[in-house]
Amino acid sequence: DISCSLVGSEMCIRDSLNRMRRIYGRKHDILLGELKKLSGSVRVTGEHAGVHLLVEFQNGMTEAEVIRRAEEQRVRVYPLSEYTIDGSGEKMRNPAVLLGYATLTEEELLEAATRLVKAWKPNSPRQAGEAGGQSARQLRK
């Protein structure tokens, strides 16, 4: 905003921050709302920290299966094991993935989250490429 560049107005900075909080707050609520459909199968943490959520699987799926199912729905997720220094992430008790939502529009996020729920829902049929329509961009950092 050109008016913000004038003298670094404190009010302008505050307005920009509040606007970003609203935008990311809506995205956060969309993703969290969809993930609640997996209640009992996953544990979601980090919901009050930044623009990522950590999803831990408590349903017996392996990390490889979690990732494969997401890929079948054309959504990329980031396994937590990639973020460990000593490679111990693959030996974690329960696999976990990191979901970022900063760069997606609300519509893309809803589409991707819906696909993830479909992929990860216990005892539901999953068919590669079944989602149809326009491909959602990746959930990414």
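The values are calculated or read from the model by the stated rules, or taken from the named source; none is laboratory data. Keep in mind that what you see is a predicted model, and the values were worked out from it rather than measured. Glycine gets a Cβ as well: all are built from the backbone with ideal geometry, and neighbour counts include every protein chain shown. Surface accessibility is based on the protein's heavy atoms, side chains included, excluding ligands, DNA and RNA. Shrake-Rupley method; radii C 1.70, N 1.55, O 1.52, S 1.80 Å.
Tabulated data
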{"quantity": "Residue match in the range 92-101 (condition: modelled with pLDDT under 90, out of contact with any Phe, Trp or Tyr (no Cβ under 6 Å at 6 or more places or on another chain) and over 16 Å from LEU32 (Cβ atoms))", "calculated": "yes"}
{"quantity": "Inter-residue pairs, beta-carbon under 6 Å, first closer than 15 Å to ILE30 by Cα and in the range 43-59, second open to solvent by 60 Å² or more (accessible area, probe 1.4 Å) and not in a loop (DSSP other than H, G, I, E, B), 6+ apart", "calculated": "VAL51/TYR24"}
{"quantity": "Residue in the range 117-130 that is on the phi > 0 side of the Ramachandran plot and either at pLDDT 65 or above or open to solvent by less than 70 Å² (accessible area, probe 1.4 Å) (or both) present", "calculated": "yes"}
{"quantity": "Verdict on GLU108 being at pLDDT 95 or above and touching a Lys or Arg at 6+ places or on another chain (Cβ under 6 Å)", "calculated": "yes"}
{"quantity": "Selection within the range 19-53 - in a helix (DSSP H, G or I) and open to solvent by 60 Å² or more (accessible area, probe 1.4 Å)", "calculated": "ARG19, MET20, ARG21, ARG22, TYR24, ARG26, ASP29, LYS36, LYS37"}
{"quantity": "Qualifying position, being over 15 Å from the mean Cα position of the chain (by Cα) and at positive phi, among GLY50, GLY40, GLY46", "calculated": "GLY40"}
